[in-house]
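*Asks:* Below is one structure. I have some questions about it.
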Amino acid sequence: MSLKGVKARGSGLDQPLVWLGVIAGTLLAVFLCDWMWWISIPLVVSVVLYYIALPMIEFMERKGLDHDKALWIFILLLTALLFFLVPALLSWITAQVYLVQDKLPEILGRISKAVAMGLAALESRFPWLQDAEMGAKMNTKILLLKERFIEESLPNVAVYALHWVPCMLLVPYLTFFFLKDAHLFKKLLMRGIPNAFFEKVLLLFHRIDGQIKKYFRGLMAMTFLDTVTLSAGLWILGLKFGVFGFFPSIFLALMCAVLSWIPFIGSIIGCLIIVLVCVVQSADPGWLVFWALVLFGSVRLLDDFIYTPLTIGRSLSVHPLITVLMIFAGGFVGGVTGLLLVMPLLGVAKVLGEIFGQVWFDARLRARFHLSKQLRLRAAREGLFS
Amino acid sequence: MREKQAEGGVSLFAYREEQLSPELQLLKGIPLFSSLKTRELKILESILHERTYVEDEVIFEEGDEGLGMYIVLEGKIRISRKAMIGSKEVTRLGPGHFFGELSLLDGGPRSATAVASESARLFGFFRPEFLEILEKYDRIGAKISFQLARLSAQRLRQSLDGTQVSSCL
């Protein structure tokens, strides 16, 4: 008997119903994650860190160490690194906070001046903006912000930052156990898969796990290349205009490279941060902002046309239209949490959808599953009525 | 030396041998893994998948995408191939035997169908995890590969001699 037309062919995501399920599942997950942000955010961050740390542990295992020893050596090295880095970073951040606090009125004054200049240029070109008194309204808003920022907004920002601390303490704890017992979690997960689907699910699981590992390795390589290129450019700009030095350039570039992990929106936020820093640092920021924008644009082009194909490839890519729609939908359903989590959750839902599609639309596997259920029932009933 | 002391039941090593979990003891008794040390068996155990099947339940079918091999811990497995009419039983395998090793090596489609002829407990040993073992623990990988090649050659020889029908799948 031929099994043509009965066995599933191609990707499980070829089925439109599966795609609909993936999108609906992602938005439901975003809603739940927003509702339970205190566990969902550390969980997602831990999974990302797990995939980032795994290649280093696997490298040590290939050198002959067993898994537990490799893990402990990694933890010790990381602790030593943090022991030296964290105090230095904290003292630098504290110094910057004091600097900003001292210079806050001046910084806000510069921002309001830059915004006023920009709006005046716009108003001279588009008279309807002048009619709407755009410049005057923005100026009043900035003046209000300037007056109230320290008394009201700053403590709120500090409280918002503080309420993240306890849940983020979960991150190292979760990451450690993911790294230590990942194979146990995988075995536990696989134990729940019925016999009929088991081999197929395991095969897909390994393929997808391999793709995710490659993706994160690529992402790290791309972040490194982005940071090096952007920090070199910013440092040269800093030398020319007498503003930010070597370490602030690296810090800014790293921040932008990490932000660009969030598609589209991350790059825009990164660009805004660079513009803001240029406005704050320079007395006459016009040309500095222009060159910083040129630099940022060039790095993005390098990123899209050279770095991304070299590192990440297109293995996990989603259609740009779906990406943008999902980011907006995620933001609508889950606010800031939704914006941050929608893409990783879409990736997970896509993986599950692919496995489900491949398994469920294979009529032969389903038939074997139903037969197995009947056989188990028969075995359980044996001797019951005698 | 260690084995002799263990047989005597008086040494520290004998005590350590007694600490083997039932699963590890089962693994130790399987010819394919008999050359592995306790520490190596523990690593191997972490990647094996234990599955249970009831009588007449299909384990895999001829033509399926093969992922790896199974080791029989309990029960009996019927191996059959498609014939002109229906299917023809090739062999029956009991505890300690393994089947599906060709897919473990080449990842190709299954060349026969495996069905539990009575309730059975199996260990699944799959290609992605075998490759991981080869990459990370080359000594364990070499020992298993050698035993696999030796036992497959033994089966092939028996098959050529006509003393046993080959069950390489």
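The values are calculated or read from the model by the stated rules, or taken from the named source; none is laboratory data. Just so it is clear, the structure is predicted and the values come from calculations on it, not from any experiment. Ideal geometry is used to build each Cβ from the backbone, glycine not excepted, and the neighbour counts take in all protein chains shown.
*Asks:* B:Arg121 is checked against (1) surrounded by fewer than 21 Cβ atoms within 10 Å (Cβ to Cβ); (2) within 11 Å of chain A (Cβ to nearest Cβ); (3) modelled with pLDDT of 90 or more and fails just one. What number does that condition carry?
*Replies:* (2)
*Asks:* Still on this structure, I have one more. Quick check, is A:Phe205 in a helix (DSSP H, G or I) and modelled with pLDDT under 85?
*Replies:* In short, yes.
*Asks:* Let me ask another. Given the conditions (1) hydrophobic (A, V, I, L, M, F, W, C); (2) surrounded by 11 or more Cβ atoms within 10 Å (Cβ to Cβ); (3) assigned to a helix (DSSP H, G or I); (4) modelled with pLDDT of 70 or more, which single one is not true for A:Leu154?
*Replies:* For A:Leu154, the failing item is (4).
*Asks:* For the subset of the range B:130-155 comprising residues that are under 14 Å from the mean Cα position of the chain (by Cα) and under 16 Å from B:Ser46 (Cβ atoms), which member is surrounded by the most Cβ atoms within 10 Å (Cβ to Cβ)?
*Replies:* So the residue we want is B:Ile144.
*Asks:* Right, next: Taking the conditions exactly as written (at pLDDT below 50 and either surrounded by fewer than 16 Cβ atoms within 10 Å (Cβ to Cβ) or in a loop (DSSP other than H, G, I, E, B) (or both)), does B:Glu3 satisfy them or not?
*Replies:* It is true that B:Glu3 is at pLDDT below 50 and either surrounded by fewer than 16 Cβ atoms within 10 Å (Cβ to Cβ) or in a loop (DSSP other than H, G, I, E, B) (or both).
*Asks:* Check B:Glu65, B:Glu61, B:Glu74 and return the single one that is more than 30 Å from A:Arg381 (Cα to Cα) and of a type in the set (Asp, Glu).
*Replies:* Within the list B:Glu65, B:Glu61, B:Glu74, the selection yields B:Glu65.
*Asks:* In the range A:285-299, which residues are modelled with pLDDT under 80 and either assigned to a helix (DSSP H, G or I) or of a type in the set (Val, Ile, Thr) (or both)?
*Replies:* A:Gly286, A:Trp287, A:Leu288, A:Val289
*Asks:* Which ones in the range A:250-274 are closer than 21 Å to A:Ile111 by Cα, of a type in the set (Val, Ile, Thr) and crowded, with 17+ Cβ neighbours inside 10 Å?
*Replies:* Selection gives A:Ile274 alone.
*Asks:* Being assigned to a helix (DSSP H, G or I) and surrounded by fewer than 17 Cβ atoms within 10 Å (Cβ to Cβ) is the filter here; which residues of the range A:157-171 pass it?
*Replies:* Those that are assigned to a helix (DSSP H, G or I) and surrounded by fewer than 17 Cβ atoms within 10 Å (Cβ to Cβ): A:Val157, A:Ala158, A:Val159, A:Tyr160, A:Ala161, A:Leu162, A:Val165, A:Pro166, A:Cys167, A:Met168, A:Leu170.
*Asks:* Just to verify a result, which residue in the range A:328-372, among those that are surrounded by 14 or more Cβ atoms within 10 Å (Cβ to Cβ) and within 12 Å of chain B (Cβ to nearest Cβ), is nearest to A:Asp34 (Cα to Cα)?
*Replies:* Taking the candidates together, the pick is A:Gln358.
*Asks:* Count, please, the residues in the range A:33-51 that happen to be exposed (fewer than 15 other Cβ atoms within 10 Å of the Cβ) and in a helix (DSSP H, G or I).
*Replies:* Summing the residues that are exposed (fewer than 15 other Cβ atoms within 10 Å of the Cβ) and in a helix (DSSP H, G or I) in the range A:33-51 gives 3.
Table: residues versus (1) in contact with a helix residue (DSSP H, G or I) (Cβ under 7 Å, 6 or more places away or on another chain); (2) modelled with pLDDT of 80 or more.
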| site | (1), (2) |
| --- | --- |
| A:Leu310 | no, no |
| A:Gly313 | yes, no |
| A:Gly338 | yes, yes |
| A:Leu346 | yes, yes |
| A:Lys350 | yes, yes |
| A:Leu365 | yes, yes |
| A:Phe369 | yes, yes |
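*Asks:* For the range B:43-88, which residues satisfy the criterion of being small (Gly, Ala, Ser), within 12 Å of chain A (Cβ to nearest Cβ) and closer than 19 Å to B:Arg110 by Cβ?
*Replies:* Once the filter is applied, which keeps residues that are small (Gly, Ala, Ser), within 12 Å of chain A (Cβ to nearest Cβ) and closer than 19 Å to B:Arg110 by Cβ, the range B:43-88 yields B:Gly63, B:Gly66, B:Gly68, B:Gly86, B:Ser87.
*Asks:* Does the range A:210-217 contain any residue that is without any contact (Cβ under 8 Å) to a residue 40 or more places away in the chain and either in a helix (DSSP H, G or I) or within 14 Å of chain B (Cβ to nearest Cβ) (or both)?
*Replies:* Checked against the condition, which is being without any contact (Cβ under 8 Å) to a residue 40 or more places away in the chain and either in a helix (DSSP H, G or I) or within 14 Å of chain B (Cβ to nearest Cβ) (or both), the range A:210-217 yields at least one hit.
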